[in-house]
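I have placed the structure first, in the form of structure tokens, so that the comments after it can refer back to it.
No lab work stands behind these numbers, since they all come straight from the coordinates. Because the structure is a prediction, the values reported are computed rather than measured. Here the Cβ is made from the backbone with ideal geometry for all residues, glycine too, and neighbour counts use every protein chain on show.
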Amino acid sequence: MLIGGKWVDPASAEWFESMNPFTAKPWALVPRGSKADVDQAIAAAKCAFLGEWRKLTATARGALLHKFGDLVAAEAQRLAEIESTDNGKLIAEMRGQLNYIPQWFYYYGGLADKIEGRVIPIDKPGVFNFTREEPLGVVAAITPWNSPLLLATWKLAPALAAGNTVVWKPSEFSSVSAFAFGELFEKAGFPPGVVNIITGFGNEVGEPLITHQDVAKVAFTGGDKTGEHVYGLAARGIKHVTLELGGKSANIVFDDADLDQAVKGVVSGIFAATGQTCIAGSRALIHRSIHAEFVERLLDLAKTARMGNPLDASTQVGPVTTRPQYEKILDYIRIAKEEGAVCRLGGAPAQREECGSGWFVEPTIFTGVNPEMRIANEEVFGPVLSVIPFDDEDEAVRIANNTVYGLAAGVWTQSIRRALLMSERLEAGTVWVNTYRAVSYMSPFGGYKRSGIGRESGIDAIRDYLQTKSVWIDIAGNAPNPFVMR
Ligand code: NAD
């Protein structure tokens, strides 16, 4: 693990296996961190925050982020291979993602020296008042297994640009790429302790991190139940918190949509990344007049999905990342069947030769889904689509919003009126019209309702890593009455 610029063994002297989901066999050993390591990492982060890191100008901080982005770009292929092996994400997607990740470091690196306070034209004579935007201190970044480096980047880039230091805990299911990232922070020349990495389990590493008195902010991405728990722990210490949680996003297809595009959009929304994305369009809401035709086209396209080794560039659907997740997906398929949903595709573990011994679930499509069913309400986090018909805009909005989540939504229509109206009425942090699953370092991302608090990416995200100080300077030199407020 990386603590204060040194690679150290865990205090517990224990390691655990990281599994390759394609082979279902261990391929790496990961240090099992504990409170003792967390305490050291936070001490190192605090020391860096008060020392070396603070001494750097914002421009110099930005230059380091830029250098880091260059190193990630140079190592993109290697990082992509590690990530594909450790978590089963497609190499085809990971190459693109790793080539794109540097943009976050360039963007926030550029922003580092544009964080400005304001001079307030204060209403009191003889006083000069201005604000400073200051970093929070030590940030605990806790990330899930589904997109390890991208989701860490969304936290690390703005946190560091704002002048904070970080202790990062990756998911116990996909920690290996974090070590490769850590090496690049060192290579870029970040002072020791600015970025620390502690691997291990949620209760053993995550909780001591969140509850440590020297952690000023918790930046968490994960499931909503864990998020709720994390929020509660952080509340006890009155810490800043951002939460990026789960979703049950609706992909809504109207009868005036370009159906070729819409079919591809719905398939990409649920089967890309094996459905293991927070933004998965796991509910397809289809206008009743095109429902039958659309389902046939959906089945035709979904059936062509090539499953297999994620390291093969032609694979389209890879394995499920973890064994518990694999079992959870199969459980939900069973529940959907018991609830009376009609399984039109898949609905079982994949038995294909090219899937080897990995944790594969067939792309699965349910029709006859009633919005009240569990399969229509709970996050499956796998390649399982619920198709629900609707009759008009009002009904589409009602069904789409009838969920505790509010991460994203897709709308397929040729009508600009409908696109604007739907984008206004949908309770979701992101609405895509005639596209799906697009993200950028420039555009804010985050959830409404139970999908989270705060935003990542875009200019505003850096505000979540800053606090405002108001400075008052008397320039009149006449001491006021000490017994009344000035
Ligand atoms: P998870 O909530 O199980 O774990 C996330 C992280 O929290 C892991 O690092 C885990 O070790 C840690 N953790 C677990 N228990 C903890 C505790 N008691 N205290 C502190 N930390 C703890 O989530 P997961 O299964 O790794 O990831 C999948 C979930 O993440 C899905 O619900 C998905 O929707 C969500 N997600 C959200 C976004 C987003 O940006 N909104 C992005 C990706 C994934």
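If both residues of a DSSP beta bridge must be in segment 250-433, then about 15% of such bridges are antiparallel. Compared with the dominant Cα axis of the chain, that is its longest principal axis, helix 291-303 is turned about 80°.
Placing unit charges on the Cβ atoms of the charged side chains and taking the dipole of the chain about its Cα centre, the candidate lying farthest along the positive direction among 42, 356, 373 is 42. Roughly how tilted is helix 176-188, in degrees to the nearest 10 and between 0 and 90, from the longest Cα axis of the chain? Compared with the principal axis, the helix lies near 40 degrees. Eigenvalues of the alpha-carbon gyration tensor of segment 88-236, scaled by 5 and square-rooted, set the equivalent ellipsoid semi-axes at 31, 21, 14 angstrom, largest first.
By other beta-carbon atoms within 10 Å, ranking 1, 422, 442 with the fewest at the front produces 442, 422, 1. Over 23 Å between C-alpha atoms is what I'm after, so list which of 46/187; 264/449; 25/303; 35/469; 155/449 land there. The pairs that break the limit, which is 23 Å between Cα atoms, are 264/449; 25/303; 35/469. Whole-percent P(r), the chain, all Cα pairs, 10 Å bins from 0: 4, 19, 28, 24, 15, 7, 2, 1, 0.
Considering only 175, 164, 227, the residue lying farthest towards the positive end of the dipole of the chain is 164, judged by Cα position with unit charges set on Cβ.
The angle between the Cα long axis of helix 416-425 and the longest principal axis of the Cα atoms of the chain comes to about 60 degrees, rounded to the nearest 10. Could you estimate the translational diffusion coefficient of segment 250-433 from the Stokes-Einstein equation, with Rh from the Kirkwood formula over C-alpha pairs, at 20 °C and 1.002 mPa s, in whole µm²/s? Once the numbers are plugged in, D ends up at 131 µm²/s. Only the Cβ atoms of Lys and Arg (+1) and of Asp and Glu (-1) were treated as charged; on that basis the dipole of segment 378-486 about its Cα centre amounts to roughly 420 debye.
When peptides 461-470, 351-360, 318-327 are ranked by their average number of other Cβ atoms within 10 Å per residue, the highest-first order is 318-327, 461-470, 351-360.
Summarised as an ellipsoid, segment 190-277 has semi-axes of 38, 16, 12 Å, derived from the eigenvalues of the Cα gyration tensor scaled by 5 and square-rooted, with the largest first.
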